[in-house]
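Here the structure is laid out as structure tokens; the discussion comes afterwards.
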Amino acid sequence: MNILKQFLKTIVYGKNKEADGYRAIRPTALVCFDVGAAHGLQPQWQKLMHSANFCMFEPNDEAIKNLKSMYSLCSNFTFVNCALSDHAGEETLTVTNAPTGSTILQINQDSEGFQSSDKNYFLPWKEIRISVDTLADISKKLSLPAPDLIKLDTQGSELKILKGLDEQRLRDLTCVEIEISLIDLYRGQDNVEDVISFLRQYDLVPYDIRVSRAISASSLLSQPLQRLVGSKSKDPRYNSCRSAEIDIVFFKKPQTLISGRKKDEILKLICSFCTYNFFFQAINTLERSVSENILNASEAASIRSGVNILFHANARKRRFEGIRLFIKNPLSFFRKFYWARFLWVTPPST
């Protein structure tokens, strides 16, 4: 079924067009680390399917088995069945009912995050002792290439995992997408301030945020309001819910690479911008590099062609996504309730 779905996506979206676009910008494939890859590539990375090499890290045995089945026809995927942290040793992995909730941190059952959550997401859970390793050590053991892009979604331990990457590889990162909880849920979890401060040391700055809300209309905490005001309490037009977690995407400062005249790093950055649909920034970085004589006219023409291909491939994908949403729920399409579903979507204010 997964293979069939991927085949249909290829027909609709045009895999060769996107691959051609990336090759026109930078012939060498990007390297992407997906840490916490339980359900496969996120939508913003799917356009890289045929233009990058992926390392998928996941501690859950069943999830790794599913990933290998999902990408069984792909030769550009490496699967690493291990848990990661800022140290090597042993930890307790809490395997939650939903695979995406599994964590090496202790879940605080008295916390606001747990009390306001859907308990079926977590319960029943089991605890198992596992070995943990650092990204630096596991990369050395498996001879993994240095990542250009990294996505981390590990339920509170993302910063610890980043700190387990060696200094040179941290400095070479072009793009980081990281999930951060805003509500207490795990003991010792990361916080926004520490993540941003740490990445700024490596000239990685935030460009976009995706928000996930805390209290759903079906949660226990929503019931008193529902009894008071009626069914309208479920309508997001009338009732705000606290942000529970955010995904932040960071990019390397273009000026850092331009000042250092790092041509290949600039090409990686332009590819990364296009992956998240920051086409303004991609072209701006290109033009500044041309003006500084880092890229010549022939190289610039090829890159412009690649950005143009990726822009129009994305536009076509968005049209099909709009049709899909309309078929699924016409009312939600017109209200644009899904506008923040993924990082690349157009906000309702534009």
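The values are calculated or read from the model by the stated rules, or taken from the named source; none is laboratory data. Here the structure is a predicted model, which means the values were calculated and not measured. Glycine gets a Cβ as well: all are built from the backbone with ideal geometry, and neighbour counts include every protein chain shown.
So N97 ticks every box in (1) farther than 15 Å from A38 by Cβ; (2) in contact with a Phe, Trp or Tyr (Cβ under 8 Å, 6 or more places away or on another chain) but one. Which box is left unticked?
(1)
Restricting to the stretch 1-25, give me the number of residues that are at pLDDT 90 or above, of a type in the set (D, E, K, R) and closer than 28 Å to E179 by Cα.
1
Name every residue in the stretch 162-209 that is touching a Phe, Trp or Tyr at 6+ places or on another chain (Cβ under 9 Å), part of a strand (DSSP E or B), hydrophobic (A, V, I, L, M, F, W, C) and surrounded by fewer than 18 Cβ atoms within 10 Å (Cβ to Cβ), in order of residue number.
Hit for the stretch 162-209 is V205, nothing else.
Kindly indicate whether any position in the stretch 84-91 is among the acidic types (D, E), outside any loop (DSSP other than H, G, I, E, B), at pLDDT below 80 and surrounded by fewer than 17 Cβ atoms within 10 Å (Cβ to Cβ).
No: zero hits.
Which of the residues belonging to the stretch 92-116 are modelled with pLDDT under 80 and over 23 Å from I161 (Cβ atoms)?
If the condition is that a residue be modelled with pLDDT under 80 and over 23 Å from I161 (Cβ atoms), then E112, Q115, S116 are the ones that fit.
Could you please find all residues in the stretch 106-129 being in a strand (DSSP E or B) and crowded, with 18+ Cβ neighbours inside 10 Å?
I107
Just wondering, is there one or more residues in the stretch 150-161 that are in contact with a Phe, Trp or Tyr (Cβ under 8 Å, 6 or more places away or on another chain) and under 20 Å from N53 (Cα atoms)?
Yes; the residues of the stretch 150-161 include at least one that is in contact with a Phe, Trp or Tyr (Cβ under 8 Å, 6 or more places away or on another chain) and under 20 Å from N53 (Cα atoms).
Filter the stretch 26-83 down to the residues that are surrounded by fewer than 22 Cβ atoms within 10 Å (Cβ to Cβ), closer than 19 Å to D133 by Cα and of a type in the set (F, W, Y) and list them by number.
Matches in the stretch 26-83: F79 only.
Here are K262, K336: which of them is modelled with pLDDT under 70, more than 20 Å from Q42 (Cα to Cα), of a type outside the set (S, T, Y) and out of contact with any strand residue (DSSP E or B) (no Cβ under 7 Å at 6 or more places or on another chain)?
From the options K262, K336, the qualifying one is K336.
Name the pairs: first residue in the stretch 131-142 and aliphatic (A, V, I, L, M), second residue surrounded by 12 or more Cβ atoms within 10 Å (Cβ to Cβ) and assigned to a helix (DSSP H, G or I), Cβ to Cβ under 7 Å, at least 6 apart or on different chains?
Filtered contacts from the stretch 131-142: L135/I161.
In the stretch 137-161, which residues are in a helix (DSSP H, G or I), crowded, with 18+ Cβ neighbours inside 10 Å and not hydroxyl-bearing (S, T, Y)?
Result: I138, E158, L159, K160, I161.
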